[in-house]
Amino acid sequence: EIEKTGNDHFVLVLGQTQTIVHAILGDFTSAARWDEFAAARVGVSNGALPLPDLYLFRALVLSQRAPLSTPEERAPTLEKLDEYVAKLAEFASVNPRNFAHKHKLAEAERSRVRGDDARAVLSLYQEALIAAGDDFLHLRALTNELQASFCAASGHHELARESAVEAQYIYRRRGAHA
């Protein structure tokens, strides 16, 4: 129905916003659907949602869906992750204060998908958290959640618990109640 309005910019913003919301809620299947919905309209963007957010959440959607992919799908997934990480690195090099945390989070997820050493992956998550500082609380919480999930899967149960508790604390501090 919304597409019948003919307002592609509104539809793009709606799709991007829903992608971010569903990713933060951990529903990466819905986030992927919303990203596909918005993708056809990226050309009409006037910067209402920055491109770095688009690249970050596309990387997160891909990385969370990677375990479901076939071996044939894995190589293209990693290529797309490489592309998004490289684009985020460009933004981070120009303005690290606003973009380094996004770059490091995407890099951590790519590293996780590649199956890199746990210490390397954890180091990237920590770099993302440090770069976010006291700003970007929603992404700090999400980074903690993703780190908790990685830690639980890789046997670092104490760090998994600490990261999950920190994510919950940040979400509550932002007014979320679940």
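Worth pointing out:
- Residue-normalised convex hull volume from the C-alpha trace of segment 1-135: 118 Å³ per residue.
- In straight-distance terms, cross-link reach from Lys87 covers every one of the aspartates and glutamates whose alpha-carbon lies under 14 Å from its own, apart from those fewer than eight places away in the same chain; here that gives Asp53, Glu79, Glu107.
- Placing +1 on the Cβ of every Lys and Arg and -1 on the Cβ of every Asp and Glu, with nothing else charged, gives the chain a dipole about its Cα centre of roughly 260 debye.
- Extension gain, Lys80 back to Arg33 (0.36 nm per residue minus Cα-Cα distance, nm): 15.2 nm
- All other residues whose Cβ lies under 13 angstrom from that of Asp53 are scored, Lys and Arg at +1 and Asp and Glu at -1, for a net of +2.
- Contact order relative to length of segment 1-117, as percent, for alpha carbon pairs under 8 angstrom and 6 or more apart: 23 percent
- Label sites at Val94 and Arg172, each approximated as a point 7 angstrom past Cα along Cα to Cβ, lie 4.0 nm apart.
- Segment 62-178: projected area of the alpha-carbon convex hull, averaged over directions, in nm²: 7.5 nm²
- Reducing segment 122-176 and segment 8-86 to their Cα centroids gives an inter-centroid distance of 21 Å.
- Phi-derived couplings, Karplus 6.51 cos²θ - 1.76 cosθ + 1.60 at θ = phi - 60°, listed residue by residue for segment 111-127: 4, 4, 5, 5, x, 5, 3, 4, 4, 5, 5, 4, 4, 5, 4, 5, 4 Hz, with x used for Gly and Pro.
FYI, it's all coordinate maths here, none of it is from the lab. Small disclaimer: the values here were computed from a predicted structure and weren't measured. FYI the Cβ positions are ideal-geometry reconstructions off the backbone, even for glycines, and counts take in every protein chain you see.
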